[in-house]
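Visitor: Let me give you the structure first, and then I'll get to my questions.
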């Protein structure tokens with residue numbers, strides 16, 4: 001692996017750009033395979049400059065990530081993969097280890113050789129995630145896992161799953177959980193798609209029947225999975241940043257073509273996410289098209305939605321700046337998720353006001369070929385996915401404002417003695 005060029009203390013944005021441009025000039029080759037290019041990128045430590053030098057980075061400040069990403073995009077260079085490997089697993093591993101798993105998984109995440117899915121929620125444990133009942137028992141050199149998970153995006157083609165299991169039924173429910181890296185391609189893992197009310201099938205349910213994971217595939221420590229999961233969830237609430245689309249040069253060069261195919265496959269389950277967010281971008285156009293741009297009630301609804309979106313954007317920018325200074329995800333994640341839920345509901349209400357009864361129509365003859373209907377049936381998911389609005393309010397109330405916790409008798413009792421959904 002190449003040595004970092006500059007000491008972190010002497011860095012400036014201009015120096016970072018100059019060094020990157022020089023390196024790209026000598027090394028970027030769009031005719032390489034995507035794997036060969038990313039391996040070269042990782043070896044140079046330019047893939048993730050803010051990561052520790054031991055783990056393929058340069059130990060630079062977090063703000064350098066934005067500088068490097070912007071310069072690579074400006075020069076049309078393919079970067080690291082999209083998806084939960086980079087967005088969730090890598091930061092969780094960096095925060096909690098252990099070193100053997102960092103060595104095992106981080107290189108394959110950075111190059112895109114292995115993909116991941118999230119196996120947290122269960123049919124009886126959604127918002128009450130700590131009430132999960134999927135169990136893992138040690139058997140020689142392996143964990144044997146039995147249970148069911150649900151709402152698992154990309155589980156049908158992921159190589160590994162971020163799996164929360166219960167390993168100690170005598171501990172209180174938050175302290176008997178372990179975080180495992182589960183190989184998905186095995187007989188004990190059955191993945192079935194879930195058809196949604198909007199017609200898409202973006203999620204799966206996963207049945208685990210004597211599924212197996214190596215005994216040393218524990219992220220963090222045995223029994224400490226709840227704390228590790230909080231890191232993953234904090235990154236998940238960062239406004240879906242790692243779900244943002246990435247555009248590649250359409251030129252038929254190998255690295256571009258393979259990166260484009262990789263991104264298209266990854267984003268297939270998220271095709272309806274713009275509708276889930278309310279499609280604020282369509283409101284003004286629809287008001288004008290239907291001749292209601294001068295209606296004061298419509299104008300008020302549209303203006304209110306645009307104002308909410310602007311405020312949400314400021315929160316997102318504050319979170320971005322916090323990350324650029326090296327701060328771990330904080331309360332802005334929950335604030336931002338609540339804000340996005342409010343924007344989506346406001347947009348759906350405004351679309352209904354504009355389209356009136358036609359908002360209930362689907363098909364090619366409906367407003368925007370049925371897009372309005374898809375917005376209305378998709379928006380409720382915004383308040384549920386990644387932790388409900390109620391959960392976000394509890395997080396802010398208890399952890400940020402210091403308000404008393406909700407009354408509960410389950411924090412010190414053994415989990416096996418607690419009433420639970422069966």
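The values are calculated or read from the model by the stated rules, or taken from the named source; none is laboratory data. Please read all numbers here as calculations on a predicted model, not as lab measurements. Using ideal geometry, Cβ is built from the backbone for each residue, glycine included, and neighbour counts are taken over all protein chains shown.
Visitor: Determine which single condition residue 162 fails, assuming it passes every other condition in (1) surrounded by fewer than 21 Cβ atoms within 10 Å (Cβ to Cβ); (2) on the phi < 0 side of the Ramachandran plot; (3) outside the structural domain of residue 41 (by TED's automatic domain parsing).
Guide: Condition not satisfied by residue 162: (1).
Visitor: Here's another thing I want to ask about it. Is it true that some residue in region 103-110 is closer than 28 Å to residue 394 by Cα and either buried (at least 21 other Cβ atoms within 10 Å of the Cβ) or at pLDDT below 95 (or both)?
Guide: no
Visitor: Looking at 180, 208, which one is part of a strand (DSSP E or B), under 17 Å from residue 101 (Cα atoms) and in contact with a strand residue (DSSP E or B) (Cβ under 8 Å, 6 or more places away or on another chain)?
Guide: Selected residue: 180, the only one of 180, 208 that is part of a strand (DSSP E or B), under 17 Å from residue 101 (Cα atoms) and in contact with a strand residue (DSSP E or B) (Cβ under 8 Å, 6 or more places away or on another chain).
Residue-by-condition table, conditions (1) within 18 Å of residue 275 (Cβ to Cβ); (2) out of contact with any helix residue (DSSP H, G or I) (no Cβ under 6 Å at 6 or more places or on another chain); (3) assigned by TED's automatic domain parsing to the domain that holds residue 49:
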{"position": "307", "(1), (2), (3)": "no, yes, no"}
{"position": "326", "(1), (2), (3)": "no, yes, no"}
{"position": "341", "(1), (2), (3)": "yes, no, no"}
{"position": "370", "(1), (2), (3)": "yes, yes, no"}
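Yes or no, residue by residue, for (1) buried (at least 21 other Cβ atoms within 10 Å of the Cβ); (2) over 28 Å from residue 277 (Cβ atoms); (3) modelled with pLDDT under 95:
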residue: 191; (1), (2), (3): no, no, no
residue: 195; (1), (2), (3): no, no, yes
residue: 204; (1), (2), (3): yes, no, no
residue: 211; (1), (2), (3): yes, yes, no
residue: 215; (1), (2), (3): no, yes, no
residue: 223; (1), (2), (3): no, yes, no
residue: 241; (1), (2), (3): no, no, yes
residue: 247; (1), (2), (3): no, no, yes
residue: 253; (1), (2), (3): no, yes, yes
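Visitor: Quick one: is residue 52 under 24 Å from residue 218 (Cβ atoms) and either surrounded by fewer than 19 Cβ atoms within 10 Å (Cβ to Cβ) or modelled with pLDDT under 95 (or both)?
Guide: So residue 52 passes the test.
Visitor: In region 109-122, what residues are outside any strand (DSSP E or B) and free of Cβ contacts under 8 Å to residues at least 40 places away in the same chain?
Guide: Those that are outside any strand (DSSP E or B) and free of Cβ contacts under 8 Å to residues at least 40 places away in the same chain: 109, 121.
Yes or no, residue by residue, for (1) farther than 23 Å from residue 232 by Cβ; (2) in contact with a helix residue (DSSP H, G or I) (Cβ under 7 Å, 6 or more places away or on another chain):
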| residue | (1), (2) |
| --- | --- |
| 28 | yes, no |
| 62 | no, yes |
| 83 | no, yes |
| 115 | no, yes |
| 122 | no, no |
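Visitor: Which condition breaks for residue 173 when tested against (1) surrounded by fewer than 23 Cβ atoms within 10 Å (Cβ to Cβ); (2) at pLDDT below 95?
Guide: All conditions are met except number (1).
Yes/no per residue for (1) under 19 Å from residue 124 (Cα atoms); (2) in contact (Cβ under 8 Å) with a residue 40 or more places away in the chain:
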| residue | (1), (2) |
| --- | --- |
| 371 | no, yes |
| 381 | yes, yes |
| 387 | yes, yes |
| 394 | no, no |
| 400 | no, yes |
| 405 | no, no |
